[in-house]
Amino acid sequence: EEEEEAKLQNGGFLPCPPSAAGTALEEPLRSCRLRGEAGRRGGAAAGSSPPGAGEEAASGARSPGGPAEPPAPLGFTDVNLDSRNTYEVSRRRRRAPEHLPHGGAAPAAPAPPPQEPAERARRAGIAGSSFAEFFTRNFFTKRTKELKPAVQSAPGWKLFGKVPPRENLPKDSRIIQQEYEARTGRMYKPPPPSARRKNIEFEPLSTTALILEDRPANLPAKSVEEALRHRQEYDEMVAEAKKREIKEAHKRKKIMRERFKQEENIASAMVIWVNEILPNWEGMRATRRVRELWWQGLPPSVRGKVWSLAVGNELNITPELYEIFLSRAKERWKSFSELSSETDTEDAVASVADREASLELIKLDISRTFPSLYIFQKGGPYHDLLHSVLGAYTCYRPDVGYVQGMSFIAAVLILNLEEADAFIAFANLLNKPCQLAFFRVDHSMMLKYFAAFEVFFEENLPKLFLHFKSYSLTPDIYLIDWIFTLYSKSLPLDLACRVWDVFCRDGEEFLFRTGLGILRLYEDILLQMDFIHIAQFLTKLPEDITSEKLFSCIAAIQMQNSNKKWAQVFASLMKDSKEGDKNHSPALKS
């Protein structure tokens with residue numbers, strides 16, 4: 001009787017009892033069959049017996065004389081599971097009437113007898129748990145493991161969400177050593193205390209100290225002799241590192257002392273220049289005291305003013321004249337192909353092609369002027385200013401135009417002077433005989449300057465002079481770049497400015513004296529080089545050259561030859577050249 005009731009409540013089949021663990025795979029599958037089979041059996045039985053016989057038999061077997069309940073619909077029993085199976089159950093339950101046999105109604109299930117509420121709840125729990133237990137129970141129930149408590153460790157990460165924490169923590173080196181000793185039976189004997197590292201005042205910040213570390217536990221331990229040898233090697237390395245550090249510290253202190261001393265000298269010299277020399281320029285510029293102070297270098301605050309006074313203004317250029325030529329340059333920039341509306345003879349000389357070439361060359365050279373400073377390149381604070389000064393000069397001197405190297409000279413002046421003053425100094429500086437000969441590419445004058453240079457080269461550095469002669473290395477290979485840029489491209493900027501200081505005092509002679517000073521400074525190196533390496537070395541001088549070393553070599557150069565100074569030697573060369581031209585002239589021959 002109880003089995004019949006359980007069949008009716010579980011779809012016509014016996015439920016799987018919870019304690020039946022041996023039939024874990026068979027009983028749940030039998031209990032999960034659709035109730036459609038029961039409906040089909042009922043329909044077949046109804047066709048072979050009179051209607052209502054089955055109902056009476058079932059009701060009589062269950063509770064004779066009891067009231068009949070309404071028939072239950074075919075389908076799955078209601079299972080309350082939070083899973084995809086709940087959806088399948090409800091879906092199939094709604095579709096169950098479609099599978100009924102044709103031509104008849106569903107057979108009504110026999111009504112259960114009246115029961116008490118507690119007994120009804122207990123049986124409903126048994127029927128419902130039989131189906132739910134199938135989904136919650138593990139198929140492989142024979143080997144049930146007790147979950148071990150997870151070791152608390154830092155969780156890892158994966159693409160979506162966290163990885164479960166690792167169960168194995170990294171082992172300590174001491175634990176690894178104990179496991180190794182237990183497995184191999186070897187006991188580690190540490191070296192004697194005297195061989196181990198103690199408190200050391202100086203620890204080099206490198207891996208050299210690893211030589212004192214013990215080997216890993218899986219390697220043989222150091223012997224006493226090996227540990228002592230490593231200790232000795234380490235002490236030697238520490239001693240060398242100490243010497244190197246002390247030497248570098250002394251070098252840094254020396255540089256700082258020299259810098260402080262130089263700053264103090266500049267500060268004291270600035271007071272003298274501002275209060276004593278500049279107010280009485282014409283009377284004091286040629287005195288011995290001023291010349292000695294000038295040799296030591298001009299203070300940056302008065303450098304531009306002293307340069308302007310030393311160069312002078314023989315061309316009588318005014319700021320208003322600069323604005324005029326600047327406006328003409330701007331007109332040319334607007335249109336390369338059109339001639340200027342001005343009718344001056346200077347403008348009529350230059351052709352359109354020359355103007356275009358000069359303007360394009362200016363743009364190209366400005367971008368290569370002191371590239372490490374990033375102030376003259378396009379977008380920099382002095383780009384337009386340098387472009388204006390060079391453009392105005394091409395309009396002012398179209399016979400000279402723009403020549404490569406002018407941008408460096410103009411840039412140095414712009415760094416120390418205002419715009420109009422820089423243009424005035426620039427135009428007067430390029431009007432000097434030496435600069436005019438080089439920038440106008442006067443070959444005969446340039447050869448005379450080279451010849452005068454070789455006279456003092458042979459006088460001061462005879463060994464290097466013969467070495468250059470053996471390779472046919474002429475001065476034009478290295479002097480042209482030095483003279484065209486006044487050493488502002490070849491030397492560091494601060495050193496080049498100091499060369500400019502004395503150049504403004506002594507004139508063109510100091511330019512060639514500076515060249516001899518550079519050759520004297522690197523004489524030993526140049527004597528070991530061939531033609532190609534000498535040319536490369538002098539084209540790009542070392543960047544670590546200092547003003548003290550260079551000016552000490554310049555001071556050692558004597559600009560006298562047979563009691564003749566530079567001006568006298570150059571004048572004699574000019575005189576010989578003129579006499580030679582007269583002797584070779586066609587008029588004298590005829």
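Among the helices (runs of 4 or more DSSP H) lying completely within segment 237-338, list those that include at least 2 residues that are closer than 23 Å to Glu418 by Cα, open to solvent by 70 Å² or more (accessible area, probe 1.4 Å) and of a type in the set (D, E, K, R).
On the way: elements: 281-284, 288-295, 300-311, 319-334.
Correct list: 319-334.
Restricting to segment 363-384, and then to whatever is assigned to a helix (DSSP H, G or I) and open to solvent by 40 Å² or more (accessible area, probe 1.4 Å), can you tell me which residue is farthest from Phe325 (Cα to Cα)? Steps first, answer last, please.
Residues of segment 363-384 assigned to a helix (DSSP H, G or I): 363-367, 383-384.
Still in the running and open to solvent by 40 Å² or more (accessible area, probe 1.4 Å): 363-364, 367, 384.
Details: Lys363: 18, Leu364: 21, Ser367: 23, Asp384: 15 Å.
This residue is Ser367.
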| request: Among the numbered conditions (1) over 45 Å from the mean Cα position of the chain (by Cα); (2) more than 17 Å from Phe551 (Cβ to Cβ); (3) assigned to a helix (DSSP H, G or I), tell me where Glu509 comes up short. | output: (2)
| message | Return the pair list, or none, for Cβ contacts closer than 9 Å from residues in segment 364-388 that are under 17 Å from Lys330 (Cα atoms) and touching a residue at least 24 places away in the same chain (Cβ under 8 Å) to residues that are polar (S, T, N, Q) and surrounded by fewer than 18 Cβ atoms within 10 Å (Cβ to Cβ), at least 6 apart or on different chains. | response | Ile366/Gln377
| said: Let me confirm something: among Trp295, Trp307, Trp281, which residue is modelled with pLDDT of 95 or more and under 30 Å from Leu550 (Cα atoms)? | reply: Trp307
| remark: Selection over segment 473-484 where residues are within 19 Å of Ile409 (Cβ to Cβ) and either at pLDDT 95 or above or open to solvent by less than 30 Å² (accessible area, probe 1.4 Å) (or both) yields a count of 5
| remark: Ile534 fails exactly one of (1) crowded, with 20+ Cβ neighbours inside 10 Å; (2) outside any helix (DSSP H, G or I); (3) hydrophobic (A, V, I, L, M, F, W, C), namely (2)
| query | Within segment 427-472, how many residues are in a loop (DSSP other than H, G, I, E, B) and open to solvent by less than 10 Å² (accessible area, probe 1.4 Å)? | reply | 2
| How many residues does segment 462-506 contain that are hydroxyl-bearing (Ser, Thr, Tyr) and within 41 Å of the chain's Cα centre (by Cα)? | 5
| said: Among (1) outside any helix (DSSP H, G or I); (2) crowded, with 21+ Cβ neighbours inside 10 Å; (3) among the polar types (S, T, N, Q), there is one condition Thr394 misses while meeting the rest; what is its number? | reply: (1)
| task | Evaluate the following for Leu519: is it open to solvent by less than 50 Å² (accessible area, probe 1.4 Å), outside the structural domain of Tyr402 (by the TED database) and not basic (Lys, Arg)? | result | yes
| message | Can you find, within segment 538-550, the residue that is least open to solvent (accessible area, probe 1.4 Å) among those that are more than 31 Å from the chain's Cα centre (by Cα) and farther than 13 Å from Tyr471 by Cβ? | response | Leu550
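What is the residue count in segment 566-579 for residues that are open to solvent by 50 Å² or more (accessible area, probe 1.4 Å) and touching a residue at least 40 places away in the same chain (Cβ under 8 Å)?
Pass one, segment 566-579, residues open to solvent by 50 Å² or more (accessible area, probe 1.4 Å): 567-568, 571, 575-576, 578-579.
This time we only want the ones that are touching a residue at least 40 places away in the same chain (Cβ under 8 Å), so: 567.
Total meeting the criteria: 1.
The values are calculated or read from the model by the stated rules, or taken from the named source; none is laboratory data. Not measured: the values here are computed from a predicted model. When we count neighbours, we look across all protein chains shown, and the Cβ atoms used for this are built from the backbone with ideal geometry, even at glycine. Only protein heavy atoms, including side chains, enter the accessible area calculation; ligands, DNA and RNA are left aside. Shrake-Rupley method; radii C 1.70, N 1.55, O 1.52, S 1.80 Å.
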